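Computed from the coordinates by the stated procedures, all read-outs in this text should not be read as laboratory data. Predicted model, so just to flag it, every value in this text is computed and none were measured. Don't worry about glycine lacking a Cβ; one is built from the backbone with ideal geometry, like all the others, and counts go over all protein chains shown.
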Amino acid sequence: MKIIDLRSDTVTLPTPQMMDAIREAPLGDDVVKADPTVNALQEKTARLFGTESSLLVSSGTQGNLISVMAHCHHGDEIILETEAHLYYYEVGNIAAIAGVMPRLIKGDRGTFTGHQVQEAVRGDDLHFPPARLLEIENTHNRAGGTCWTPSQVADAARAAHDLGMKVHIDGARIFNASVALDVDVKEYSRHVDSIQFCLSKGLSCPVGSLVVGNYEFIESCRKKRKMVGGGLRQAGIIAAPGIVALDTMIGRLKEDHDNAKHLAQTLSQLDALSIDLASVQTNIVVVDVTATGISDDEFRAEARKRGLCVSSFGPGKVRLVTHYGISREDVDRAASIIEDMVTE
Ligand SMILES: Cc1ncc(COP(=O)(O)O)c(C=O)c1O
């Protein structure tokens, strides 16, 4: 039985072209900036985002962490959304390692306004930590892969900058947003100080993320990356598939979005399931299974027995993610497995 794995776009395997690129990549020691393949990927990325510089890092978590460390000092405040990945899923690293204090904004499907930023910043007072950094997540994972428009980013970033803060985007899936809204990623980068995006999600690379920003910021990130053990040597074997990804894997994300919408529309016809269709903007479908009478964990386990992998997504919710390697037929089969489950 073929297993249909919709747990995450992180389960994607490298394409044959990526495997060839890994084998053929010219290599060197990247800690001393001497890996030509890493340098080529970083230059290409900086051009794509219109920034001065960029840096290859091991993961999204590492990219976000070192960005926070480069922007903030211990004791500073970071403002972010209540369900931000950086707050929810990154092991408390911003507190444990970066030593910053989170202050949360309740978003609307993951987004918030400049006015909310102004309200969240408490100002200069003996009692308060200095608000140093605003973090925006685009697309927003726990909100269901929802997109920020460039003008929403501009509004929030302007408010933060006017208050003397820097702005970082956790753009693990920023290309999903740019494809869904048909906007260039430069329309995001021009409003903010840094962006982290992942190669290892919808772009299907085995490993890696990049951080983009100005030269000074990226050199500070390079130092923090070394500090947290992320200085890699012949990292060209990671960069080589990244170059292939940027050349070949961005446009096809639309197929994942279309499959996710199709899946969500099919599942939403089942009475026992509830889906916020307006939040299905990219490749993520969050399904409320409460009315089935079984828990999200039971739902996940039962689906697994029938050849479908989904992930638990908090009480009563499961998440399904479309990606490279998942066809329209797979999505239809996933929907019929779930239909059988909930109607039996
Ligand atoms: C929005 C978001 N940010 C950051 C990350 C962390 O990326 P990584 O798993 O590469 O550390 C993820 C991973 O799923 C994510 O969804």
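Looking only at region 293-315, count every residue that is of a type outside the set (S, T, N, Q), crowded, with 17+ Cβ neighbours inside 10 Å and within 26 Å of the chain's Cα centre (by Cα) and tell me the total.
Number satisfying all stated conditions: 7.
List every residue pair whose Cβ atoms lie under 8 Å apart, where the two residues are 6 or more positions apart in sequence or sit on different chains, the first residue falls within region 129-140 and is more than 7 Å from Ile79 (Cβ to Cβ), and the second residue, located anywhere, is of a type in the set (Lys, Arg) and within 16 Å of the ligand (Cβ to nearest atom).
Matching pairs, first to second residue: Asn138/Arg173; Thr139/Arg173; His140/Arg109.
Among the residues of region 245-281, which ones are within 17 Å of Ser311 (Cα to Cα) and under 16 Å from the mean Cα position of the chain (by Cα)?
The one that is within 17 Å of Ser311 (Cα to Cα) and under 16 Å from the mean Cα position of the chain (by Cα): Val280.
Identify all residues within region 79-106 that are β-branched (Val, Ile, Thr) and either over 16 Å from Val167 (Cβ atoms) or within 18 Å of the chain's Cα centre (by Cα) (or both); write none if there are none.
Ile79, Thr82, Val91, Ile94, Ile97, listed by residue number.
So that you can scan it fast, the table gives a plain yes or no per residue for (1) more than 16 Å from the ligand (Cβ to nearest atom); (2) surrounded by fewer than 17 Cβ atoms within 10 Å (Cβ to Cβ):
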site: Leu126; (1), (2): yes, yes
site: Ala143; (1), (2): no, no
site: Ala157; (1), (2): yes, no
site: Ala160; (1), (2): yes, no
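If I ask for residues that are within 20 Å of the chain's Cα centre (by Cα) and surrounded by fewer than 18 Cβ atoms within 10 Å (Cβ to Cβ), which ones from region 45-76 would you list?
If the condition is that a residue be within 20 Å of the chain's Cα centre (by Cα) and surrounded by fewer than 18 Cβ atoms within 10 Å (Cβ to Cβ), then Gly50 is the only one that fits.
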